[in-house]
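Accompanying notes for the structure given below.
The values are calculated or read from the model by the stated rules, or taken from the named source; none is laboratory data. Source: prediction; values computed, not measured. All Cβ positions, even for glycine, are placed from backbone atoms using ideal geometry, and neighbour counts span all protein chains on display.
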Amino acid sequence: MVDVFTEIIINRPVEDVSDYAANPDHAPSWYVNIHSVQWHTPKPMKVGSQIAFKAKFLGRELAYIYEIKEYIPGEKLMMKTVNGPFPMETIYTWEAIDRDRTRMSLRNKGVPSGFSKILTPFLSPSMKRANQKDLLKLKYLLEKC
C-alpha cells in the first residue's frame, strides 16, 4: 500500500486556492510530472466527471483516467483512477486558516500492481518528493498573483 500525505500553507484565500487547484485544466501548470489533461466528460467538473492525464514519473510515461468521486468546492476533492498503471485515490482538502491563508493537503493512496508493484519501495518517497514540489509550485503561482 502506498499512502502519501503532504500539506502546505498558501497565502491566499481558500476560494482562490481551491478554485485553482481543483480545476484539472490547471494541473500541468503546477504538477511537475503532468504534461496534458483531456476531458472525457463535459465540463464543468462534478461527481462522475472523467479526466485523462498524461505524466512522466520515475522515468516512465503514464496515462491514466481519474473519475471525480466527491467534490465539495472550497473543502474537498476526491478522485480515483478508473484506468491506469495502478489503482490510485487522490484527495485534496482546503482549510481556511484565516481570511488570507489556506492549508491545502494532498494525499495519494493506492495499491501498486503489475510493473508498479516492483517499484513499491521507491514509490512513497518519490511521490512524497514530487507532491512537495507540486505544492511549492502551486504556492508560488498563487502567491505571485
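Figures for the structure shown
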quantity: Residue match in region 88-108 (condition: surrounded by fewer than 12 Cβ atoms within 10 Å (Cβ to Cβ) and at pLDDT below 95); calculated: no
quantity: Check on Arg60, at pLDDT below 85, among the basic types (Lys, Arg) and more than 14 Å from the chain's Cα centre (by Cα); calculated: yes
quantity: Matching residues, region 1-56, being part of a helix (DSSP H, G or I), of a type in the set (S, T, N, Q) and either free of Cβ contacts under 8 Å to residues at least 24 places away in the same chain or touching a strand residue (DSSP E or B) at 6+ places or on another chain (Cβ under 9 Å) (or both); calculated: Ser18
quantity: Residues that are farther than 21 Å from Ile72 by Cα and crowded, with 19+ Cβ neighbours inside 10 Å, drawn from region 3-23; calculated: Val4
quantity: Selection within region 24-48 - out of contact with any helix residue (DSSP H, G or I) (no Cβ under 8 Å at 6 or more places or on another chain) and surrounded by 15 or more Cβ atoms within 10 Å (Cβ to Cβ); calculated: Pro24, Ala27, Pro28
